[in-house]
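Chemist: One structure follows; several queries about it will come next.
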Amino acid sequence: MFKAIWLFFYFYFGPNGVEIVIKDKNIEAFLTLLRAGLWEDVNLNLNDNINLLETFGTSDQGRANGKVDWEKVYQLATEQSVLGLVLAGVERYKKLNLDLNLDDNIDEKGGDSQLGLRSTLRLELPSQMLLLQWIGEVQILEQQNREMNRFIEGLIQGLRNADIYTLLVKGQGIAQCYERPLWRASGDVDLYLSETNYKRAQEFLTPKAQSVDAELHGEQHIAMHIDQWVVELHGAMPTRLISRIDKGLEKVQNNLFCGGEVRSWHNGGTVVFLPSPDNDVLLVFTHILKHFYRGGIGLRQICDWCRLLWKYKDSLNYGLLEKRIREMGLMSEWKAFGALAVEFLGMPVEAMPMFNDNLNHDLNINDKLRRKAELILEFVMETGNFGHNRDSSYYEKRPYVIRKAISLRQHTLDGIHHFKVFPLDSLRIWCRMLRSGIKAAFERR
């Protein structure tokens, strides 16, 4: 029955063709700068510079395509929560002595602008007003990250004094994999705890919180607001996509809390424990897939995955990683997201595990895999970070049954898109979501 419903939606709503959004010159400019900012510790190759010239209108081809809309590039960086990375890319390219176009950033006398750029550079950068606004936003981001780090220092120390032990996952721990940790957009404070510590942390922190959300018992997850921060407690980190994935994550959890495989971050005067790289790579990747299949994921999370793989490229247990990915049935997803990382985010191919067999004799990604990467990127650019580009106001305006119907339609349209990339898993996940939605609707009656 579920397959019949799926086929109905596919032929009724399914598009006849897909327009690849990356051909837009503003998205090309955005990705060019994102690559430059993401890999400050990696030398740009000649192709990057050629792409830059074409993107920013220096070559004849670039001039024919017109100028970049910098307001749109700024908007894309905001939607994907990578303002800091893209600004780092702008900085990196303005240092190159290239014959580009910098007219908007030169003062009336032809000398240095207030931004310290010389007229010998011809890079067509954002207007001075937009660039100053951009710099101001990143300075605010730096301050927020410093304040969050201080909050985490006190939080972890307070829990430790109460004999409660936790791992910090995602967020500020992953930020330490970047060249500029303070320029990564911060999110919530996510704590991963054993079953006993999860209950004790909940009892310890609830009185300190201004508000506490309803607990998701099936996922052992609860969120609370403490001061200006959202603190999320995780007693488990299931995806609720496919059972074999969650079984693999249970093994990771056991490895962390029973095997003690962790790494540490010296945050101020406190040692903060993080998952070991071998375990963290799986936690980050499955978190990406969870949101990809359930509403939307941003480039920030994919950049996190790339930086984690890059930082620990010399110490990862690649045999264990491949074994786990195969047991969880995620090799297709791993290679497709790997293709996105290499082809569009500039990930050095030698640092992407389980990927070399997808290159042709010219060391380029094969066409089928590149197409999958394009489709994933299209979805990511459309939905924004965690699906924030989408209108979710119906949750507050519509009755429950109407909300479920709208949600079903959106999940189905997403599933149709994902079917072109991961046909088997997308169908399984859609069926599971449909069953869960029907069950929830009947339980509410």
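No value in this document is a laboratory result; all are computed from the given coordinates. Model, not experiment: these values are computed from the prediction. In this analysis, Cβ positions are derived from the backbone assuming ideal geometry, glycine residues included, and neighbour counts consider all displayed protein chains.
Chemist: Determine, from the Cβ-Cβ distance of Ser243 and Asp69 and an R0 of 30 Å, the FRET efficiency 1/(1 + (r/R0)^6), rounded to the nearest 0.05.
Modeler: So the FRET efficiency works out to roughly 0.05.
Chemist: Work out from phi, with θ = phi - 60° and the Karplus expression 6.51 cos²θ - 1.76 cosθ + 1.60, the ³J(HN,Hα) of each residue of segment 368-373, listed in order in whole Hz, and give x for Gly and Pro.
Modeler: 5, 6, 4, 4, 4, 4
Chemist: Another question, then. Output wanted: per-residue J couplings in Hz (rounded whole) for segment 341-346, from phi through Karplus 6.51 cos²θ - 1.76 cosθ + 1.60, θ = phi - 60°, x for Gly and Pro.
Modeler: 4, 6, 6, 10, 10, x
Chemist: Starting from the coordinates of the alpha-carbon atoms of segment 238-350, obtain the Kirkwood hydrodynamic radius over all distinct pairs and give the value in Å to one decimal.
Modeler: One decimal place: 14.9 Å for the Kirkwood radius.
Chemist: Would you calculate the separation in nanometres between label points at Val42 and Glu147, each defined as 7 Å from the Cα along the Cα-to-beta-carbon direction?
Modeler: 3.4 nm
Chemist: For every other residue with a beta carbon closer than 9 angstrom to the beta carbon of Ala236, add +1 if it is Lys or Arg and -1 if Asp or Glu, then tell me the sum.
Modeler: -4
Chemist: Tell me, what HN-Hα J-couplings in whole Hz come from the Karplus equation 6.51 cos²θ - 1.76 cosθ + 1.60 at θ = phi - 60° for each residue of segment 187-195, using x for Gly and Pro?
Modeler: So the J values, rounded to whole Hz, are x, 8, 9, 9, 10, 10, 10, 5, 4.
Chemist: Taking the Cβ of each residue in Met354, Met328 as the centre, tally the other Cβ atoms inside 10 Å and list the residues starting with the fewest.
Modeler: Working: Met354 15, Met328 24.
Ranked by crowding around the Cβ, least crowded first: Met354, Met328.
Chemist: Shifting gears a bit: Lysine pairs in segment 231-360 with Cα distance under 23 Å, only those 8 or more apart or on different chains: how many are there?
Modeler: Going through segment 231-360 pair by pair, I get 14.
Chemist: With the Cα gyration tensor of segment 282-325 giving a ≥ b ≥ c as the square roots of its eigenvalues, does the rule (a/c under 1.5 for rounded; else a/b larger than b/c for prolate; else oblate) give rounded, prolate or oblate?
Modeler: Oblate, since a/c reaches 1.5 and b/c is not below a/b.
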